[in-house]
Structures are given as structure tokens and as C-alpha cells.
Amino acid sequence: QVRLVESGGGLVQAGGSLRLSCAASGIFFSINAMGWYRQRPGKQRDLVAVITSGGSTNYADSVKGRFTISRDNAKNTVYLQMNSLKPEDTAVYYCNADWRVTPLAPTNRSWGQGTQVTVSS
């Protein structure tokens with residue numbers, strides 16, 4: 001099982017920046033894609049950004065040019081640098097990771113506990 005622990009959320013004024021971190025631990029053979037999702041009050045959980053083990057990235061249109069996802073494979077950690085934050089970015093942010101316990105095992109997905117990001121206007 002892979003456990004994900006997020007950190008870095010908080011309260012920031014519009015236009016400010018925050019950096020989220022998510023560290024994976026546990027027993028696994030490999031971690032493939034890692035990503036960040038967010039859930040606004042009363043809304044579904046939406047993809048923010050995803051990064052593969054090779055470094056390919058994909059972003060939601062609403063955050064392109066403002067957010068940057070990166071990862072440190074040696075530390076099994078994924079980051080989300082959020083710049084030019086807007087009040088509509090306020091949400092609980094969750095990280096996830098797709099992993100395998102052996103090379104031929106099915107892919108599993110783990111989620112972090114979530115971290116609150118609040119952007120004041």
C-alpha cells in the first residue's frame with residue numbers, strides 16, 4: 001500500500017503563491033503518474049495537473065500558465081507550484097499516485113488526505 005501525505009496549503013491573498021507537496025511512502029515497485037485534483041464546496045473533484053514518471057505533464061485549462069507540477073522521483077514526491085492565485089482556486093487539493101507492487105501487478109491508485117487552499121480577494 002502507498003500512503004500519500006500532503007503539505008503546503010493555507011490562506012493567501014489573490015495574486016499570491018503557494019507550493020503544495022505530496023510525499024509517497026510504503027511498499028511498491030514503481031509509481032507511475034502522480035497528480036493533483038481539487039474539490040470546491042458542493043462540486044465534484046476535478047483534475048488540476050498530472051505528471052508521468054517520465055516528466056510529461058497535463059493541466060486543466062483553468063490553471064495553465066499559472067500552476068506548475070513537478071516531481072522528484074528519488075524522493076517519491078510531487079509538487080504543485082501555484083502562482084497568480086485567484087479566489088476561484090479556493091478548494092481542497094488532493095494528490096494521487098498510480099503504483100504497482102510488482103512489474104506485472106495491476107495498477108493501484110492512492111489518494112492523499114487533502115489540504116485546504118483558500119484565496120482571499
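The values are calculated or read from the model by the stated rules, or taken from the named source; none is laboratory data. Since the model is a prediction, treat every value here as computed from it, not as a measurement. Because the Cβ atoms are built from the backbone with ideal geometry, glycine has one as well, and the counts that use them run over all protein chains shown. For the accessible areas, the whole protein counts, side chains as well, though only heavy atoms, and no ligand, DNA or RNA atoms are used. Shrake-Rupley method; radii C 1.70, N 1.55, O 1.52, S 1.80 Å.
Some values worked out for this structure:
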{"quantity": "For residue 15: the one exception among (1) closer than 21 Å to residue 120 by Cβ; (2) surrounded by 13 or more Cβ atoms within 10 Å (Cβ to Cβ)", "calculated": "(2)"}
{"quantity": "Within the range 42-100, considering residues that are among the acidic types (Asp, Glu) and within 15 Å of residue 116 (Cα to Cα), the one most open to solvent (accessible area, probe 1.4 Å)", "calculated": "88"}
{"quantity": "Per-region count, the range 26-53, residues of a type in the set (Gly, Ala, Ser) and farther than 15 Å from residue 79 by Cα", "calculated": "3"}
{"quantity": "Pairs with Cβ under 8 Å, 6+ apart, first in the range 81-92 and touching a residue at least 24 places away in the same chain (Cβ under 8 Å) and closer than 12 Å to residue 10 by Cβ, second part of a loop (DSSP other than H, G, I, E, B) and not aliphatic (A, V, I, L, M)", "calculated": "82/17; 82/66; 85/15; 85/16; 85/17; 85/66; 90/40"}
{"quantity": "Selection count where residues are open to solvent by less than 70 Å² (accessible area, probe 1.4 Å) and either at pLDDT below 95 or not in a loop (DSSP other than H, G, I, E, B) (or both), scope the range 108-119", "calculated": "6"}
